[in-house]
Amino acid sequence: MKAQVSPNQLTEEETALVTQLIKGCRTSGDIQAKLKRLFAGSVEKMLEAEMDEHLGYEKHNNEGDNSGNSRNGYGRKRISSD
């Protein structure tokens, strides 16, 4: 059975992620910029997974060709997280 972890206490995995995150960062602004990129990348992955689920096939799979419900390109979107 896993030990209970306080809501404010990091797990070993989370501590390792923090250590990886701060590598190469000199200021809190560097950390904030990196977190923004990670957040945007996470949202993008979630949206892609949602589209895969909705269409019933993965991106670049020929399964959806000429089905009337296929992906028809990609456009850049800008997400503001402020």
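Please treat every number below as a calculation from the coordinates, not as lab data. Values in this document were obtained by computation on a predicted structure and should not be read as measured data. Virtual Cβ from ideal backbone geometry, glycine too; neighbours counted across all protein chains shown.
Here are a few things to note about the model shown:
- Shown in residue order for region 41-48 are the 3J(HN,Hα) couplings computed by the Karplus curve 6.51 cos²θ - 1.76 cosθ + 1.60 at θ = phi - 60°: x, 5, 4, 4, 4, 5, 5, 5 Hz (x for Gly and Pro).
- Sites GLU63 and THR11 - FRET efficiency at Förster radius 30 Å, r taken between beta-carbons, to 0.05: 0.20
- Qualifying trypsin sites (Lys or Arg not before Pro) in region 1-50, DSSP loop, other Cβ atoms within 10 Å at most 13: LYS2, LYS23, ARG26
- Label-to-label distance, nm, for residues given as THR19 and VAL43 (7 Å Cα→Cβ offset): 3.1 nm
- Between PRO7, LEU47, VAL18, the Cα set farthest toward the positive side of the dipole of region 1-50 (charges on each charged residue's Cβ, about the Cα centre) is that of VAL18.
- Remark on CYS25: its backbone amide H falls under 5 Å from none of the residues 5 or more positions apart or on other chains, H modelled at 1.01 Å from N.
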